[in-house]
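Have a look at the structure below before the remarks.
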Amino acid sequence: MSKTVTLTDSANHSMQMPLVDGTIGPSCIDIGNLYKETGHFTYDPGFAATAACKSAITFIDGEKGVLLYRGYPIEQLAEKSSFLEVAYLLLEGELPTPEQFGAFEDAVTHHTMMHESLKSFLHGFRHDAHPMAMLCGSIASLSAFYHDTLNINDPAQRKLAAIRLIAKMPTIAAAAYRYSIGWPFRYPRNNLEYVTRFLHMMFEVPSEPLALNPVAAKALDLLFILHADHEQNASTSTVRLVGSTGANPYASVAAGIAALWGPAHGGANEAVLKMLAEIGDVKNVDKAVARAKDRNSGFRLMGFGHRVYKNFDPRAKIIREMTHKVLNELGVSDPLLDIALKLEEAALKDDYFVERKLYPNVDFYSGIIYKALRIPTDMFTVMFAIARTAGWISHWIEQHESDDARIGRPRQVYTGAVKRDYVGIERR
Ligand code: CMC
């Protein structure tokens, strides 16, 4: 017999609601018939207790600090896999065989070029445009370049869009950066693997070869794995909401990029570095912690807290360890790391942060590594977007393969004026 839960309202009317179980995680109350049977909506600003879809891609247990991609623990993927293999896993649901991986890598590699006209599009931006603005606009514009393959009901066309997005995102991201510093765009070098190719497109100048430290490519690959997906976060939910209208994949992912940009989400990595630079010295850390606790200051510790993790963010644990290693191996010393360590130490023993279960999140240390890799601060969220593209497009495809997908259309608690009659302007 299927499980139910009984809800009783203040007038003592009871209703049996079915429970929906996943493979792991809490049961959900299926409220699909609630309004029809009771005349009530549910009210859940921020969707803190609402599952908007079924998904088999990523699982998080926020209390225990667990993150699984398709069932595989993030710690194992971080140690043993590569970003491109993780992208395949997210998209296809299984780790690839050598043949499957070869074919996937080949497909991605052969879609890395951007249309020449896209260069003119990028040249239309002001030289000081934020690269997230350029990325968002350029990715939305891809639907104008590939309008002959935008049939969202054709699985082959959906897969092609996924390959194109994963392949072109680094090319467009690097072009946005180079435009901002007045360097000529670099074509992708397809003899290189995904992350190394991206670093070449970022930093190679026409006049001399790039001496790339393999530690940099390894570190970036690991950061990309950690950022590749995170179930129904704000940007992925945005991709799904836009996707639910039947919008094309490029428009849907461009909306995800816009959502990611906000400082409460992916923009936090840029905000963390700015915050650490503003704190300026370990001796100012206590003042910063006090400010973050003062609601009236409007200041939060960026890179701290998470809607789901009420324990350490497992990605932050991995990045924290990696930060020391990468800085050592690259021979970089960064005073911002000392400030970050001191800030973490001070916050973790402060009652305010302990009571609210606020721990460092994925964005707290990632900026220090990006900085050591010479990636400028305003490109940090772009790095996140490159990696999250694998997750966004996997969710977009899953949504189109699901049999219970409907247009996303939340309701509201109306708090405006009740019905009233129009008054002519001469009588107001
Ligand atoms: N610094 C100081 N206080 C905080 C912080 C923080 N970073 N985060 C939450 N709080 C307090 C908040 O003021 C509230 O206190 P009270 O109960 O007294 O009103 C309590 O903790 C709960 O916060 P909330 O805003 O209700 O929590 P939320 O789940 O709505 O927000 C969050 C989650 C990540 C947006 C928030 O913790 C935050 O703004 N953090 C800083 C930005 C950040 O690092 N974002 C990256 C998130 S992880 C990666 C990603 O998603 O891209």
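The values are calculated or read from the model by the stated rules, or taken from the named source; none is laboratory data. Keep in mind that this is a model prediction, so the values were computed, not measured. So basically every Cβ, Gly included, is an ideal-geometry build from the backbone, and we count neighbours across all protein chains shown. Ligands, DNA and RNA are stripped out before the accessible areas are found, and what is left, the full protein with its side chains, is counted by its heavy atoms. Shrake-Rupley method; radii C 1.70, N 1.55, O 1.52, S 1.80 Å.
Tabulated results
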| item | result |
| --- | --- |
| Selection count where residues are open to solvent by 40 Å² or more (accessible area, probe 1.4 Å), aliphatic (A, V, I, L, M) and near the ligand (Cβ under 10 Å from one of its atoms), scope region 333-357 | 0 |
| Residue in region 241-259 that is open to solvent by less than 10 Å² (accessible area, probe 1.4 Å), within 13 Å of the ligand (Cβ to nearest atom) and in contact with a Ser or Thr (Cβ under 8 Å, 6 or more places away or on another chain) present | yes |
| Residue, nearest to Y352 (Cα to Cα), within region 293-303, restricted to residues that are in a helix (DSSP H, G or I) and within 9 Å of the ligand (Cβ to nearest atom) | K293 |
| Sole exception among (1) within 14 Å of the ligand (Cβ to nearest atom); (2) surrounded by fewer than 18 Cβ atoms within 10 Å (Cβ to Cβ); (3) more than 22 Å from the chain's Cα centre (by Cα) for I279, by number | (2) |
| Flag if R307 is of a type in the set (K, R) and near the ligand (Cβ under 7 Å from one of its atoms) | yes |
| Complete set of residues in region 260-276 that are more than 11 Å from the ligand (Cβ to nearest atom) and out of contact with any helix residue (DSSP H, G or I) (no Cβ under 6 Å at 6 or more places or on another chain) | K274 |
| Residue check, I57 closer than 29 Å to P360 by Cβ and either open to solvent by less than 50 Å² (accessible area, probe 1.4 Å) or acidic (D, E) (or both) | yes |
| From the options L348, L343, residue that is in contact (Cβ under 8 Å) with a residue 24 or more places away in the chain, farther than 30 Å from H200 by Cβ and aliphatic (A, V, I, L, M) | L343 |
